[in-house]
């Protein structure tokens, strides 16, 4: 029974990741289309306002008590993550899409697992097994191929 539960979680996690990838891919295309008439900064602000409003409403509707019961340190970590990804990541992503296009920028942004693996080893004492190492190497090779093509 434990194996079934583990496999189910793995499949669910992969499906959710694929849905996130589809969402980010659609977002990159929409961003490129929308920035034909506005600056990167304006696009980032519009995106942040709309995302924040929708996310806060959904979060409070579904998890009000859980949010209010967060430990202060957890809250700080989530705020830092939000500032780095939501504001910083979005601005740099929009700027890269504006400069090199949606497909090339998205391919490079998809190097997230590479950085996550490196940072997890450095800060969380996680280990990189053979499969993760090969996957990370393939990410680097794929990004290199995308970047050097003209």
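When you go through 67, 49 one by one, which is the residue that is more than 23 Å from residue 110 (Cα to Cα), in contact with a helix residue (DSSP H, G or I) (Cβ under 7 Å, 6 or more places away or on another chain) and without any contact (Cβ under 8 Å) to a residue 40 or more places away in the chain?
67
With the condition kept exactly as written, say whether any residue in the stretch 90-105 is outside the structural domain of residue 145 (by TED's automatic domain parsing) and more than 23 Å from residue 148 (Cα to Cα).
Checked the stretch 90-105: at least one residue is outside the structural domain of residue 145 (by TED's automatic domain parsing) and more than 23 Å from residue 148 (Cα to Cα).
Run down 59, 33, 81 and say which single residue is out of contact with any helix residue (DSSP H, G or I) (no Cβ under 9 Å at 6 or more places or on another chain), free of Cβ contacts under 8 Å to residues at least 12 places away in the same chain and exposed (fewer than 13 other Cβ atoms within 10 Å of the Cβ).
Unique residue meeting the criteria: 81.
Does residue 25 satisfy the criteria of being touching a helix residue (DSSP H, G or I) at 6+ places or on another chain (Cβ under 7 Å) and either at negative phi or loosely packed, with under 12 Cβ neighbours inside 10 Å (or both)?
When the stated conditions are applied, residue 25 passes them.
Listed residues 48, 87; which is at pLDDT 85 or above, under 16 Å from the mean Cα position of the chain (by Cα) and surrounded by fewer than 16 Cβ atoms within 10 Å (Cβ to Cβ)?
None of the others qualify; the one that does is 48.
Would you confirm, using the coordinates I've provided, whether residue 40 is surrounded by 11 or more Cβ atoms within 10 Å (Cβ to Cβ) and touching a helix residue (DSSP H, G or I) at 6+ places or on another chain (Cβ under 6 Å)?
Against the criterion (surrounded by 11 or more Cβ atoms within 10 Å (Cβ to Cβ) and touching a helix residue (DSSP H, G or I) at 6+ places or on another chain (Cβ under 6 Å)), residue 40 qualifies.
The values are calculated or read from the model by the stated rules, or taken from the named source; none is laboratory data. Note that the coordinates shown come from a computational prediction; the quantities given were computed from them, not determined experimentally. Note: ideal-geometry Cβ built from the backbone for every residue, glycine included; neighbour counts use all protein chains shown.
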